[in-house]
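The values are calculated or read from the model by the stated rules, or taken from the named source; none is laboratory data. Not measured: the values here are computed from a predicted model. Cβ sites come from the backbone with ideal geometry, for glycine too, and all protein chains shown count toward neighbours.
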Amino acid sequence: MVDRKRILVTGGAGFLGSYLCGRLLAEGHEVTCLDNLYTGSIDNIRAYLDHPRFRLIQADVIEPQSLSVDRIYNLACAASPIHYQADPIATMRTNVLGALNLLELAVKCNARILQASTSEVYGDPLVHPQSEDYRGNVSITGIRACYDEGKRAAETLFYDYNRMYGTEVRIARIFNTYGPGMRADDGRVVSNFVVQALRGENLTVYGDGLQTRSFCYRDDLVRGLMALMESEEANAIPVNLGNPGEFTMLELASLVLEMTGSRSGLVFQPLPQDDPIQRRPDISRAWSLLGWQPRILLSDGLQPTIRYFAEKIARMAEAA
Ligand code: NAD
Ligand code: UDP
C-alpha cells in the first residue's frame, strides 16, 4: 500500500516533468503539474488530464503559489540552450524567483523539495569526470550564464533554506538526458540529430564535433530523481545523476545515422560561445547514497527515441 502524497511538479508539462508526473501517478500519488507551457506542451500530459489524481495549473513559477503539498519537484526552466537563451532575463527570473517562491511554499507546507539542478553548474569543466566537490568553471558574462548562474543561485537558496529553516532539500545535478517526450524543435543535440536523420537533412555538427557529452536515458534519470527525493540520507547534499558513458558529437552522429538507416550527411557549423568541451559525471555518490546507476545504454535508449520522433514527424506531416 503506497503512502499517498500530494506532489507538485513544476515544469510538469516538459520533457522530464511529464514523464515524472506519469511515474508518480502510477505509484498512487496526487499530482499537481504547474507549468507556463513555455517549452512544455499539453500533448505531453494529455493522457493524464482526466485522471482523478491529476491537476494542471497553468501558471508561472515567478508568481507565488498557495497550495498544500507534501513534496515539490522543481523542474520549471527551459533546458535547451536555444530556448533558455531566447529570453535570458526570464531564464534568470525563473531560476531564482521560482526557487524562492517554491522554497517559501515548502516552508509553509513543511514539504520536502527537490531542485532539478544541472551539470552546467560545472561550466566548461577543468576537472574530468566531474564529482560534486568540483566548484566549476562557469562564465559570468557569456550567453549560457543566465542558465548556469541561475541554477547555481537556486542551489545556494536551497542550502540556505535548509540551514535557516531546516527545510528538507534535495539537489539533483542532472547531466544531458534524452528520450521520448522531447520537442522536435527542442534544439538539443539528440533531438536535432534524430529529427534531421529521419527527415533526410544534414546533421548539424557544431565545432569539430570532438566535444563530449554523457547521455542518460529519460527513464533512468527519473528513477534517480524519485530515489533522491525519498532518500533520508541525501538532505542538502548535491547528487550527480547521469550516465557516465561519454561520446563525441561525431560518435553520436554516426550512431544516429546507423540506427536510422539515414543517408544524411554532416554539416559543420560554428561552436556556440562557452560550449563545454567535455562532460562526464562521477556518479559514485548517487550509487553510495541511493544505490542508483543508469541501466540503459545509449544505443538502447536511442531506439525508442527514434521511434517516438518517427511517429511525431509522420503526425506533423499529416497535419500540415
Ligand atoms: P523542458 O524545457 O522540456 O521542460 C521545462 C518545463 O518547464 C517546460 O514544460 C516549460 O514550459 C516549463 N517552464 C519553463 N519556465 C517556466 C516558468 N517560469 N514557470 C512555469 N513553468 C516553466 O526541459 P527538461 O529537459 O524536461 O528539463 C526539466 C528540468 O531539468 C529543467 O529545470 C532543466 O534545467 C533540468 N535539467 C534537464 C537536463 C536534460 O538534459 N534534460 C539536464 C540538466 C538539467
Ligand atoms: N550540438 C551539435 N549540433 C546540434 C546541437 C548541439 O553539435 O544540432 C552540440 C553542442 O554544441 C554541444 C553538444 O552538442 O557541444 C550538446 O548540446 P546540447 O544543446 O544538447 O546540450 P548542452 O550543450 O546544454 O550540454
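For the criterion of being more than 11 Å from ligand 1 (Cβ to nearest atom), surrounded by 19 or more Cβ atoms within 10 Å (Cβ to Cβ) and touching a residue at least 12 places away in the same chain (Cβ under 8 Å), residue 39 fails.
Does residue 155 satisfy the criteria of being at pLDDT 95 or above, more than 9 Å from ligand 1 (Cβ to nearest atom) and within 30 Å of residue 252 (Cβ to Cβ)?
Values: at pLDDT 95 or above: yes; more than 9 Å from ligand 1 (Cβ to nearest atom): yes; within 30 Å of residue 252 (Cβ to Cβ): yes.
Yes: the conditions hold for residue 155.
The listed residues are 91, 118, and the only one of them that is touching a Cys at 6+ places or on another chain (Cβ under 7 Å), crowded, with 21+ Cβ neighbours inside 10 Å and within 26 Å of residue 40 (Cβ to Cβ) turns out to be 91. Can you confirm whether residue 134 is assigned to a strand (DSSP E or B) and not basic (Lys, Arg)? No; evaluated as a whole, the condition is false for this residue.
Residues in region 160-188 that are near ligand 1 (Cβ under 10 Å from one of its atoms) and not in a loop (DSSP other than H, G, I, E, B) were compared, and the one that is farthest from residue 125 (Cα to Cα) is 178. In summary, residue 69 fulfils each of the numbered conditions (1) assigned to a helix (DSSP H, G or I); (2) touching a helix residue (DSSP H, G or I) at 6+ places or on another chain (Cβ under 8 Å) with the single exception of condition (1).
Quick check on my filter: what residues within region 246-265 are surrounded by fewer than 17 Cβ atoms within 10 Å (Cβ to Cβ) and in contact with a helix residue (DSSP H, G or I) (Cβ under 6 Å, 6 or more places away or on another chain)? Of everything in region 246-265, just one residue is surrounded by fewer than 17 Cβ atoms within 10 Å (Cβ to Cβ) and in contact with a helix residue (DSSP H, G or I) (Cβ under 6 Å, 6 or more places away or on another chain), namely 259. Quick check, is residue 52 more than 13 Å from ligand 1 (Cβ to nearest atom) and surrounded by fewer than 19 Cβ atoms within 10 Å (Cβ to Cβ)? Spelling it out, residue 52 is indeed more than 13 Å from ligand 1 (Cβ to nearest atom) and surrounded by fewer than 19 Cβ atoms within 10 Å (Cβ to Cβ). Taking (1) of a type in the set (Asp, Glu); (2) within 17 Å of residue 115 (Cα to Cα); (3) crowded, with 17+ Cβ neighbours inside 10 Å in turn, residue 232 satisfies each apart from (3).
Across region 199-217, the number of residues qualifying as under 18 Å from residue 281 (Cα atoms) and more than 14 Å from ligand 2 (Cβ to nearest atom) comes to 1. The number of residues in region 99-122 that are under 14 Å from residue 229 (Cα atoms) and either near ligand 1 (Cβ under 10 Å from one of its atoms) or not in a helix (DSSP H, G or I) (or both) comes to 7.
For region 269-278, the criterion of being within 17 Å of residue 197 (Cα to Cα) and either surrounded by fewer than 16 Cβ atoms within 10 Å (Cβ to Cβ) or modelled with pLDDT of 95 or more (or both) is satisfied by at least one residue.
For residue 160, the conditions (1) acidic (Asp, Glu); (2) in contact (Cβ under 8 Å) with a residue 24 or more places away in the chain; (3) more than 22 Å from residue 244 (Cα to Cα) all hold with the exception of (2).
Taken over region 2-25, the residue count meeting the criterion of being part of a loop (DSSP other than H, G, I, E, B) and either on the phi > 0 side of the Ramachandran plot or in contact with a helix residue (DSSP H, G or I) (Cβ under 9 Å, 6 or more places away or on another chain) (or both) is 5. Residues in region 66-98 that are more than 16 Å from the chain's Cα centre (by Cα), near ligand 1 (Cβ under 8 Å from one of its atoms) and among the β-branched types (Val, Ile, Thr): there are none.
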